[in-house]
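See below for the structure under consideration.
The values are calculated or read from the model by the stated rules, or taken from the named source; none is laboratory data. Just so you know, these numbers come straight off a predicted model, no measurement behind them. Here Cβ is always computed from backbone atoms with ideal geometry, including for glycine, and neighbour counts include all displayed protein chains.
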């Protein structure tokens, strides 16, 4: 019953997309943290709200909202739908040292609103909430996040919101 209902919902959405010229994006998603999903083989991050799908390369469809900010993601295998807070792609952040104020959003993810970006760290234990830090980036986009409190974290990359 749940299968049939889910298939009907997806079919309805896809037919609506054709009629309204809306865009849908298909990805294989893997959960990387609380409310954080990465598109396999691509540098695309999907930040959800209250999503408890433990996806491992699960086929999914992203339906952006009409405003292009957020939307919904539909998981095929688990037949779940989750609200999307934002979609992120690699930022074009200049190498060097940047003064930022960061807040921990999820495990190893920090928001830096003044540069409009999210910072992906590696095993960072800081529970920063509006904490000042230096974002030190290399040409590759990796580097480190040096908190004024003295903590240092490795940076895997910097991401910015993607609008559809």
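Any residue at all in the stretch 49-57 that is at pLDDT below 95, within 15 Å of the chain's Cα centre (by Cα) and not in a loop (DSSP other than H, G, I, E, B)? There is at least one residue in the stretch 49-57 that is at pLDDT below 95, within 15 Å of the chain's Cα centre (by Cα) and not in a loop (DSSP other than H, G, I, E, B). I'm trying to understand the selection: among the residues of the stretch 58-79, which are assigned to a strand (DSSP E or B) and in contact (Cβ under 8 Å) with a residue 40 or more places away in the chain? Of everything in the stretch 58-79, those that are assigned to a strand (DSSP E or B) and in contact (Cβ under 8 Å) with a residue 40 or more places away in the chain turn out to be 61, 63, 64, 71, 73, 74, 75. Scanning the stretch 140-164 for residues that are under 16 Å from the mean Cα position of the chain (by Cα) and without any contact (Cβ under 8 Å) to a residue 60 or more places away in the chain gives 155, 156. Suppose the filter is touching a strand residue (DSSP E or B) at 6+ places or on another chain (Cβ under 8 Å) and within 25 Å of residue 73 (Cα to Cα); does residue 87 pass it? So residue 87 fits the description; yes.
Taking the stretch 116-140 as the range and being within 17 Å of residue 90 (Cβ to Cβ) and surrounded by fewer than 18 Cβ atoms within 10 Å (Cβ to Cβ) as the test, the residues that pass are 116, 122, 138, 139, 140. When restricted to residues that are part of a loop (DSSP other than H, G, I, E, B) and either at pLDDT below 95 or under 16 Å from the mean Cα position of the chain (by Cα) (or both), the stretch 80-105 contains 5.
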